[in-house]
Amino acid sequence: MAKKPKKNKRRDFLQLSTVTLGAVGTAAFIWPFLKSMSPAEDTLAAGSTEVDISAIEEGQSITIKWRGKPVFIKKRTKEEIDAAKMVQASDLRDPQDDSDRVQKEEWLVLVGVCTHLGCVPLGQKVSDMKGEYDGWYCPCHGSHYDTSGRIRKGPAPKNLDIPPYAFLNDNTIKIG
Amino acid sequence: MDKNRKVHQFKNPVLNWIEFRLPIISYFKKEYGDYPMPKNCNYFWSFGALATITLITMIVSGIFLAMNYTPHTDMAFDSVERIMRDVNYGWLMRYIHSNGASFFFIIVYIHIVRAMYFGSYKYPRELNWILGVFIFLLMMATSFLGYTLPWGQMSYWGATVITNLFSAIPIIGEGLKTWLLGDYNVGNATLNRFFALHYVLPFVIFGVVALHVAAVHVHGSNNPDGIEIKSNKDSVNFFPYMLIKDTVAMCAFGVAISAVIFFGPNLMSEVDNYIPADPLVTPAHIVPNWYLAPFYAILRAVPDKLGGVLLMFGAIAILFVLPWLDRSKVRSCNYRPMYKWFMMGFFVNFFALGYVGMLPAEGLYLLIARVGLLYYFGFFFIITPFVGWIEKPSKLPLSISDVYAKNIMPNIGAGEAGMPSPAMQKDTNL
């Protein structure tokens, strides 16, 4: 490339630095606006819930609300645990061992939102349909989940999500 | 359809494709690229651009505030406090919006002062001036509606006082007031409709601004000497010259408004508005926003309810007919030795009215407001029409470039009746 006269170089530099500074300034101005749309501090503070689980009987499941979504907390029976453990992970659509999905064997904690299109699966009540694998069944488009909340049949691509949770003591779970 | 329409040709085929179907690119090139600006325009001519930028900033920050605001009497105040404390950068949105409103008025007042001092409202730009007064009116309405939304004490009582103005109208007044409020008092119905209107009016303003800008582009901008462009020696292209100049003004404005937003965000607001609205207790001293204070002073200066309301609205309405009250053919006050001082007096008077409008209406303040009121209307009805008659304006330069010729070589310009020397007629600045 031919060498430009000195004067033009100087002008190019000024133009480039002005445009760059303007772009950086605009981005810096836009950022707070975009950030204001993400969850506010009080929403984040409401993002964790403590649940007393002492009253839940074996085989019983409760639904609580966490971040506006239903969370299933189930105290599984011996048979259900065994049924979940017997399955070979490699046979599954979303391969996962039961032991990777629980912290304590008898306690299963799931986000009760079907991974297909966001409906709430049935199976919490005794009278509910529980699907072919005796876990949960989504009435919207017919996805079947097993006793570990894993997808076994139907259109859903993934297992039911496990929310972040911790046992504060034997009777209390903190979700979130 | 005009078959002979000449389509602009660009190098870029995409631009050509668009241009053939919608000649928007050549429009922008004509109106914002090659558009001739008088080359003597000073920084006063940047305030139109600044006002547009501020309007856009107000609309954007307002939309983001609305995402977190609740227009309900029980929740409005708390939702604003939530914006201040919990919403990410909510404090910034709100301080941009509240101080932006003040700065919007500062800018528009300077813009109006510019138009009045340099006679921009005169032929052939009268309609432009009228559209501008409309924008000013819409701005006042919008800011009043917006001031109600935080639902603090000043919000509530400001809304009460202003809507009660309508009750001054004989016979239909009370009914009209109730209809405007949707209640017998400022209540939830009022807050809801004020929010709806506060949201939509800025877009109406934006539309009128578009007309305002389109109108000024027909005959071009006025300038400090108040004479038209006669040849291309008198003008420079909008791009890049005026764009860069406006950008410099914008940077200065950005520094000023940032200083207030970050270091004195409540300088121009009333502390009483941080007390939640209480329909049973009126604050000891109701203060309007500073930018409405001159008109508030006029309202209070009149010892009659209806009279005060009429004069207050009259003070704004009179602006519409200013182009016909002023009989002088000379635009710029720089060439009007008498009117210039009356004009300066008008600005000082307006400022004084605003000052006493923020103070209690008694004693000396009331007297100042009354004298100010007399001068305000006297300026329009007596001074403006008659000064044009008796005043002998100074000699106008023959052209804008002639002004520069005179400035550089005063002997030549003055000696030959304003004719610039041949040397100066050469276009030296491009």
Next item on the list: Kindly provide the set of residues from the range B:43-74 that are over 18 Å from the mean Cα position of the chain (by Cα) and farther than 20 Å from A:I30 by Cβ, ordered by number.
Entry: B:Y69, B:T70, B:P71, B:H72, B:T73, B:D74
Margin query: Need the failing condition index for A:T26 against (1) β-branched (V, I, T); (2) more than 14 Å from chain B (Cβ to nearest Cβ); (3) more than 22 Å from the chain's Cα centre (by Cα), just the number.
Written below: (2)
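Quick one: is B:N68 within 11 Å of chain A (Cβ to nearest Cβ), crowded, with 17+ Cβ neighbours inside 10 Å and part of a loop (DSSP other than H, G, I, E, B)?
yes
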Check: B:K177 passes all but one of (1) of a type outside the set (S, T, Y); (2) in contact with a helix residue (DSSP H, G or I) (Cβ under 9 Å, 6 or more places away or on another chain); (3) in a loop (DSSP other than H, G, I, E, B); which number fails?
Finding: (3)
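Yes or no: A:A40 buried (at least 17 other Cβ atoms within 10 Å of the Cβ) and within 14 Å of chain B (Cβ to nearest Cβ)? Give the steps one after another, and end with the answer.
Numbers: buried (at least 17 other Cβ atoms within 10 Å of the Cβ): yes; within 14 Å of chain B (Cβ to nearest Cβ): yes.
Yes, satisfied.
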Next item on the list: Kindly establish whether A:Q88 is over 13 Å from A:A156 (Cβ atoms) and surrounded by 13 or more Cβ atoms within 10 Å (Cβ to Cβ).
Entry: no
Check: Quick one: B:P303 ticks every box in (1) surrounded by 13 or more Cβ atoms within 10 Å (Cβ to Cβ); (2) within 21 Å of B:E362 (Cβ to Cβ) bar one, so which box is it?
Finding: (1)
Next item on the list: Confirm whether B:T142 is assigned to a helix (DSSP H, G or I), away from every other protein chain (no Cβ under 14 Å), in contact with a Leu (Cβ under 7 Å, 6 or more places away or on another chain) and without any contact (Cβ under 8 Å) to a residue 60 or more places away in the chain.
Entry: no
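Only residues that are part of a helix (DSSP H, G or I) and of a type in the set (F, W, Y): list them for the range B:95-128, please.
Start the filter on the range B:95-128 by keeping residues that are part of a helix (DSSP H, G or I), which leaves B:95-117, B:126-128.
Within the range B:95-128, B:Y95, B:F103, B:F104, B:F105, B:Y109, B:Y117 qualify.
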Next item on the list: Please state which of the following conditions B:F104 fails to meet, knowing it meets all the rest: (1) over 20 Å from B:T142 (Cβ atoms); (2) without any contact (Cβ under 8 Å) to a residue 60 or more places away in the chain; (3) more than 12 Å from chain A (Cβ to nearest Cβ).
Entry: (1)
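Could you pull out the residue among B:D304, B:D326 that is in contact with a Pro (Cβ under 8 Å, 6 or more places away or on another chain) and not assigned by TED's automatic domain parsing to the domain that holds B:N222?
On the way: B:D304 fails: in contact with a Pro (Cβ under 8 Å, 6 or more places away or on another chain).
The conditions single out B:D326.
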Margin query: I need a count of the residues in the range B:226-235 that are surrounded by 20 or more Cβ atoms within 10 Å (Cβ to Cβ) and either within 25 Å of the chain's Cα centre (by Cα) or not acidic (D, E) (or both).
Written below: 4
Item checked: Answer residue from the range B:178-218, given it is touching a Gly at 6+ places or on another chain (Cβ under 8 Å) and without any contact (Cβ under 8 Å) to a residue 24 or more places away in the chain and is surrounded by the fewest Cβ atoms within 10 Å (Cβ to Cβ) among those -> B:A189
Notebook entry, point to check: Would the range A:91-111 turn up any residue that is among the aromatic types (F, W, Y), at pLDDT 90 or above and touching a Gly at 6+ places or on another chain (Cβ under 8 Å)?
Noted result: no
Item checked: the range A:48-77, subset outside any strand (DSSP E or B), loosely packed, with under 14 Cβ neighbours inside 10 Å and touching a residue at least 40 places away in the same chain (Cβ under 8 Å), residue farthest from the other protein chains (Cβ to nearest Cβ) -> A:E58
Notebook entry, point to check: Which of (1) in a helix (DSSP H, G or I); (2) touching a residue at least 60 places away in the same chain (Cβ under 8 Å) does B:M84 not meet, given it meets every other one?
Noted result: (2)
Next item on the list: Would you check if B:R21 is modelled with pLDDT under 95 and surrounded by fewer than 20 Cβ atoms within 10 Å (Cβ to Cβ)?
Entry: yes
Notebook entry, point to check: Of all residues in the range B:14-65 being of a type in the set (G, A, S) and under 30 Å from A:M37 (Cβ atoms), which is farthest from the other protein chains (Cβ to nearest Cβ)?
Noted result: B:A51
Check: What is the residue count in the range B:34-58 for residues that are surrounded by 15 or more Cβ atoms within 10 Å (Cβ to Cβ) and either of a type outside the set (S, T, N, Q) or free of Cβ contacts under 8 Å to residues at least 12 places away in the same chain (or both)?
Finding: 16
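Just to check your reading of the model, which residue among B:L137, B:L131, B:L92 is under 25 Å from A:M37 (Cα atoms) and either within 14 Å of chain A (Cβ to nearest Cβ) or in a helix (DSSP H, G or I) (or both)? Give the steps one after another, and end with the answer.
Details: B:L137 fails: under 25 Å from A:M37 (Cα atoms); B:L131 fails: under 25 Å from A:M37 (Cα atoms).
From the options B:L137, B:L131, B:L92, the qualifying one is B:L92.
Tell me which residues, restricted to the range B:313-343, are part of a helix (DSSP H, G or I) and within 11 Å of B:T384 (Cα to Cα). Even if it seems obvious, please write down each step before you answer.
From the range B:313-343, those part of a helix (DSSP H, G or I) are B:313-320, B:322-325, B:333-335, B:339-343; that's our starting set.
Within the range B:313-343, B:L322, B:P323, B:W324, B:L325, B:Y339, B:K340, B:F342, B:M343 qualify.
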Notebook entry, point to check: Applying the selection to the range B:319-354, what residues are surrounded by 16 or more Cβ atoms within 10 Å (Cβ to Cβ) and within 13 Å of B:L373 (Cα to Cα)?
Noted result: B:F346, B:N349, B:F350, B:A352, B:L353, B:G354
Next item on the list: Would you be able to say whether some residue in the range A:116-132 is assigned to a loop (DSSP other than H, G, I, E, B) and closer than 18 Å to A:D100 by Cβ?
Entry: no
Next item on the list: Looking only at the range B:272-285, decide whether some residue is of a type in the set (A, V, I, L, M, F, W, C), within 22 Å of the chain's Cα centre (by Cα) and modelled with pLDDT under 95.
Entry: no
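The values are calculated or read from the model by the stated rules, or taken from the named source; none is laboratory data. These numbers were taken from a predicted model, which means no experiment stands behind them. Positions of Cβ are generated from backbone atoms using ideal geometry, with glycine treated the same way; all protein chains shown enter the neighbour counts.
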